[in-house]
Every structure is written in structure tokens, then in C-alpha cells.
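Just so it is clear, none of the values below were taken in a lab; they were calculated from the coordinates. These numbers come from a predicted model, not from an experiment. Neighbour counts are summed over all protein chains in view; Cβ atoms, including those assigned to glycine, are modelled from backbone coordinates with ideal geometry.
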Amino acid sequence: MSQGHSEPIVGFRSLGLSAPSLKALAHVKYEVPSPIQAAFIPQALTGRDCIGQARTGTGKTAAFCLPILELIDDESPEVQALVLTPTRELSAQVAAECEKLSYTRPVRFACCVGGKTIQRQIDDIRRGAQIVIGTPGRVIDLLSRKVLNLDNLKIVVLDEADRMLDIGFRPDIEKILRRCPENRQTLLLSATLPGPVERLAHRYMQDPLRIDMSQDNVAAGSVDQYYITVDHDRKLSTLARLLFEQRPRQAICFCRTKRGADSLHRKLSRKLPQVEAIHGDLAQNVRDRVMKGFRSGSVRLLIATDVVGRGIDVTGVSHIINYDVPEDCDDYVHRIGRTGRLSGEAGFAFTFICPDEGDQLTNIEIRINKLLPQYKFKNFEPCRVKPRSAAPATPPPAPPVVKEEVEEEWAVF
Ligand code: AMP
């Protein structure tokens, strides 16, 4: 694998894009390419295989959508580009971005994800979709029904490849890649490049150029990150206090499990308006409704699990709260990537660490190569034991938590 890094390029004009793309970019008011766009687009336009190390929120979708739009023949009714994403929400986001950027072209799409009726997707493909965006399971289904034909495919994109492998899509991805023509171009996007992603790239890509924007992205400087040492039984009151002090414009609160997310949602929605939960067990129409509410701003606090929360791209997110510390430190990077976005607005990330989770904090700090400061509340102590030091034999008595004070703190939105 060769390494590639571009010089800073100022305008979209210098990236080799055609007049229709430049017109579409002006229409969507993208004035300056983001670093991943500046580095990735000129390379992808040459037709070579590329690996882009970048996360959601850095403009990576346009980085691969624009080359797709340039390289396909919009007069042919064959499927020429396939984008695989780990979640339904991410597929919908990619389709929306692609649609925005293609408004000057007569391009047809099919968004093929589970949880939606397959017939509409079949109709979209039969009507001559040139770009198919979807999750691996549904794409396999359409391939086995012989509705989707990849013989004329020019480009395949593996978006958030690390997450697709994490959630067990490896066999499906390999099955799909084996059905793609050998001479296609493969673009792989991933926030991190762990061994399984490297192996996938090695097997299914030809001498890929690696474009590493992770330095710009990992633990982005625009996100102020803190940890909070908290007792297991004080997580809820700590969350209340944090929301009270921080007054987030919009926040995502991450939980480790679907049950945990549901339980927190039940407790919070008794206290607060504008709170919703999203996870993989919810029906697709519920997930769509919740995401719509979050995008429009009518949902202020979203409780999410990693799989679904990861691809969420909402520009107004000011705070990420890791109510449960992520099990995998790559998830930390993905979670905090939901804030401090391209807009340059500041974001905040708070990670709850229980006294027995010190190792997980250390792993995160190693991963992001940075020590996280501890967040101190003004008049509230979320933990009975001193953080980061050996626990005394007998923990000091808990400082009193005044009941009314906690109740009052919920009036945050
Ligand atoms: P992404 O990383 O693809 O999820 O993009 C994050 C957000 O940034 C999306 O809302 C995009 O519409 C927006 N965006 C992408 N590229 C640019 C750009 N060059 N200038 C301004 N906004 C952009």
C-alpha cells in the first residue's frame, strides 16, 4: 500500500471536478473542500483504489459521492456504483448527500436497506438506478433475487468499513465484492484501520493509495473532552447535573446496550421533554421518526447505542455524553465524532467512568494520545471514592444529594 498526502488545495475548482459538480457545490453552498475532500477527490477521480481514513462529519460522503457522479454514465440505465454502509441511517444520509450533489445531473438512485419494503427498492433498480446505496444484508437479498446486477459496476464504496466488519458484515461484504467485476474501482472509508480492515483491503483492492486524514480527525481539536468519575448508582443524578450545568443545544447520550438505552429513555422521558432513544431493535419507521425529530431540532437529547449512533450526522450536536464508557476505544473516537463538526463550532464530550473502569479510560487516552481532564461540578460530587487513586479501605461517607435540588435540575430544556 502506498501512502499519499496532498498539499492543501484551496478551492473545489482545483480538484479536477466538472462544471456540473461545481454548480451543484455552489448550490449546496460548499465553498471550501474539507481536508479529506481535497486529498481524496483528485485521487479517486483517476480511477485508482483509495483508502480514506476519515470519520463522519469531516465531509467524507461528498469525498466519494463527487467522484462517483463524475465517473458514471448517467445515460446508461445500469447499476454503476454501489455504496455499502453499516447502518440504515447512514445509507439514508449518503443517499441524501448524493442526491443534493447530483441536482445538475439526471442520476437515479436506489436506497436499499432492511426494515423498508423491498418492492419499492426493486422498482427503483428496475427503473434504471445507476447508484445503489445500501446495507450489506439487503444488497445480498437483492442480488440473490437477481434484481440487482453488478456486471456493469464501475465503483464500489465501503463506507465505515471498520464498523461494517465490527458488526459481522464480513461474509456479506466478501460475497458482494466477489460479485463485482474485477476491473472496478474500490474506495474504502474508515475512521480507523484495524487489522481486519487492512486484510480486507489487501484481498479486495489493487495497490490502494492510502489517504490518512486521521490526524485531523481523531479526537478533533474542536471537541473539549472530559471524563467524570461517577458511582454506578449516581449516573442518573450526574447526568441531570451535567445537563443543568452545560445546557446543551442538542446532545447524544450513548449507552452500551439496547436495554440500557431503553431504560435510560424511560427514566428521562418522565423528567424531560424532547428526549428520544434510537437503537437497532426499534422498528425502522420509529428510527426514521426519531432521526427526523433530531435533525429538525425537536428532539434535544437522543439516547443511542453505538451501532445506530455512529453514523448520525446532525450539525447542531453540541454535546456527546458517554453515559456508559465505550467498550472499544475506537467507538470513543466515533462517538465524539458526532460533535465539533465541519461548521467549526465547538463541541463537548463527557465520559462517565465508574471507579472500576479506570483501565478503559487509560485505553481511550492511549488511543487518542491525550490525557483527558476530569470535569468538576460546582456543588456536586458524583463519586464517593477519590478518582484515579487507590480506593481507601473504607470509602468516606457520601456527600448528601439534596432531593429537591436534583428535581429542580431537570428543568434544563
Ligand atoms: P459527512 O462527513 O459526509 O457526514 O459530512 C458532514 C456534514 O458536512 C454534512 O452535513 C455535509 O453536508 C457537510 N459538508 C460536507 N462537505 C462540506 C464542505 N466542503 N463545506 C461545507 N459543508 C460540508
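GNM remark for the chain: springs join alpha carbons under 10 Å apart, and the peak mean-square fluctuation among Pro171, Pro106, Pro196 falls on Pro106.
The string of couplings for the range 110-118 from the Karplus curve (6.51, -1.76, 1.60, θ = phi - 60°) is 9, 9, 10, 10, x, x, 10, 4, 6 Hz, one whole number per residue in order, with x for Gly and Pro. Among Val157, Val308, Val28, the largest mean-square fluctuation in a Gaussian network model of the chain (Cα springs under 10 Å) belongs to Val28.
For Ala304, the residues whose modelled amide H falls within less than 5 Å of its own, excluding neighbours fewer than 5 places apart on the same chain, are Cys253, Phe254, Cys255, Ile278.
Taken about its Cα centre, the range 118-262 carries a charge dipole of roughly 580 debye when the Cβ of each Lys and Arg holds +1 and the Cβ of each Asp and Glu holds -1.
Whole-Hz Karplus values for the range 273-278 come out as x, 6, 10, 9, 10, 9 Hz, taken residue by residue from phi with 6.51 cos²θ - 1.76 cosθ + 1.60 and θ = phi - 60°; glycine and proline positions read x. Compute the helix-to-body angle for 358-368: its Cα long axis versus the longest principal axis of the chain, expressed 0 to 90° and rounded to tens. Rounded to the nearest ten degrees, it is 40.
Calculated over the chain, the projected area of the Cα convex hull averaged across directions stands at 20.2 nm². Couplings 3J(HN,Hα) of the range 350-356, computed from phi: 10, 10, 6, 10, 7, x, 8 Hz, in residue order, whole Hz [Karplus 6.51 cos²θ - 1.76 cosθ + 1.60, θ = phi - 60°; x for Gly and Pro]. Taking the square roots of five times each eigenvalue of the Cα gyration tensor of the range 27-116, the equivalent ellipsoid has semi-axes of 20, 17, 14 Å, listed largest first. The three principal axes of the Cα atoms in the range 12-212 give end-to-end lengths of 42, 39, 29 Å, sorted in falling order.
Relative to the dominant Cα principal axis of the chain, helix 35-45 is inclined by about 20°.
Amide H contacts of Val83 (H built 1.01 Å from N, in plane; Pro and chain starts excluded): Val132, Ile133, Gly134, Val157 sit under 5 Å, all sequence-distant by 5 or more or on other chains. Exposure proxy ranking for Ser14, Ser269, Ser34, based on other Cβ atoms within 10 angstrom of each Cβ and starting from the fewest, stands as Ser14, Ser269, Ser34. Under 5 Å between amide hydrogens, built in the peptide plane, is the criterion, and for Arg384 it picks out Asp231 among residues at least 5 positions away or on other chains. So what is the 222 nm mean residue ellipticity for the chain from helices alone, if each DSSP H run of at least 4 adds -39500 (n - 2.57) and you divide by all residues, rounding to the nearest 500 deg cm²/dmol? Calculated from helices alone, the mean residue ellipticity at 222 nm is -11500 deg cm²/dmol. In terms of distances greater than 27 angstrom between alpha carbons, the cross-link table entries Lys235/Lys258; Lys267/Lys370; Lys23/Lys154 yield Lys267/Lys370.
Between the Cα long axis of helix 60-71 and the first principal axis of the chain there is an angle of about 10°, rounded to the nearest 10.
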